[in-house]
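The values are calculated or read from the model by the stated rules, or taken from the named source; none is laboratory data. None of the values given here were measured: they were computed from a predicted structure. Cβ sites come from the backbone with ideal geometry, for glycine too, and all protein chains shown count toward neighbours. Protein only, heavy atoms only, side chains kept; ligands, DNA and RNA dropped before computing areas. Shrake-Rupley method; radii C 1.70, N 1.55, O 1.52, S 1.80 Å.
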Amino acid sequence: MAHIERPISPHLQIYKPQISSVLSILHRITGAALGFGLLLFAWWLIAAASGPEAFARASGFIGSVLGRLILFGFTWALFYHFCNGIRHLFWDMGKGFELPVMHRTGWAVVAGSAVLTILVWVLAYALR
Amino acid sequence: MGSKGNYRSPLARVRGLGAAKSGVEHWWLQRASAIALLPLVIVFTAFAISLTGASHAEVAAFLGRPLPAGVTILLVIAAFWHLKLGGQVIIEDYVSHEGVKLACVLALTFATVAVGLACILAVLRLVVAGA
């Protein structure tokens, strides 16, 4: 196979963290975290189909302090990935690449994911 | 070969499939599943909020109804498909050893199919139980 001198990535450590790069890696991190979170969702769903005892175990864990912390993190990761995913879909259409626009939509994703997370938890506690 | 600004090998260029050795199918399905997940996540979040603190009987009866069951099954399919595609990209980016990479992607594929199928069977069981 012909050897071709391709450009290589520079070292990540020399860069100052910026809104663009931090949000980019957060998309990947939240995506991976949501993958593990789906296991919790699967446990809950399968427990619901298995019977009251299995469901009590699953909902007991989810309702515990640790479970709620995980679920809160899952909620934020979900809405972060959701909002930033919409941003990615617009990029796929070639829109929103200008730096000022990218910074604005980036902060909108940060704010939007926080607002949606809090909204969901307030509603869940209010309607419980 | 190798005109300025072109780093592709002549064989890669003539195949036209890029470094991933395949076409745009993976890329496209990642977007298709993402778009499908937008409404599904919103609707299921509403379900989840309404089910907060619900008993087993309430949850089982709710998920056994046609509309929530349908939404949940679609969500499971789209989410696990999206996870398989996205996870594969992460593995391919960070695992450089070809054999380990293949094993990881296979493990991810089998795991997502197995857990996804288990979720679908769970919903179907609740539908049958509620019928």
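Which one of these is open to solvent by 30 Å² or more (accessible area, probe 1.4 Å), within 10 Å of another protein chain (Cβ to nearest Cβ) and not charged (D, E, K, R): B:GLY64, B:GLY86, B:GLY53?
Just a single option satisfies the conditions, and that option is B:GLY53.
Can you tell me which residue among B:GLY70, B:GLY116, B:GLY99, B:GLY64 is within 30 Å of A:ILE8 (Cβ to Cβ) and modelled with pLDDT of 95 or more?
B:GLY99
For region B:40-50, give me each residue that is aliphatic (A, V, I, L, M), open to solvent by less than 30 Å² (accessible area, probe 1.4 Å) and more than 7 Å from chain A (Cβ to nearest Cβ).
B:LEU40
State all residues of region B:1-32 that are open to solvent by less than 60 Å² (accessible area, probe 1.4 Å), within 11 Å of chain A (Cβ to nearest Cβ) and either in contact with a Lys or Arg (Cβ under 9 Å, 6 or more places away or on another chain) or at pLDDT below 75 (or both); if no residue qualifies, say none.
Within region B:1-32, B:GLY2, B:ASN6, B:ALA12 qualify.
Please verify whether A:ILE19 is farther than 25 Å from B:VAL123 by Cβ and facing chain B (nearest Cβ under 9 Å), treating the condition exactly as stated.
Judged against the criteria, A:ILE19 is not a match.
Report yes if some residue within region A:35-58 is hydroxyl-bearing (Ser, Thr, Tyr), on the phi < 0 side of the Ramachandran plot, open to solvent by 20 Å² or more (accessible area, probe 1.4 Å) and in contact (Cβ under 8 Å) with a residue 12 or more places away in the chain; otherwise report no.
no
If you scan region A:69-100, which residues turn out to be open to solvent by less than 90 Å² (accessible area, probe 1.4 Å), more than 9 Å from every other protein chain (Cβ to nearest Cβ) and either free of Cβ contacts under 8 Å to residues at least 40 places away in the same chain or at positive phi (or both)?
A:ILE70, A:LEU71, A:CYS83, A:ARG87, A:TRP91, A:GLY94, A:GLY96, A:PRO100
When you go through (1) open to solvent by less than 90 Å² (accessible area, probe 1.4 Å); (2) closer than 24 Å to B:GLN88 by Cβ one by one for A:ILE4, which number turns out not to apply?
A:ILE4 satisfies all of (1) open to solvent by less than 90 Å² (accessible area, probe 1.4 Å); (2) closer than 24 Å to B:GLN88 by Cβ except (2).
Check whether at least one residue in region A:33-49 is facing chain B (nearest Cβ under 7 Å) and either at pLDDT below 95 or farther than 24 Å from A:ALA77 by Cβ (or both), and report yes or no.
yes
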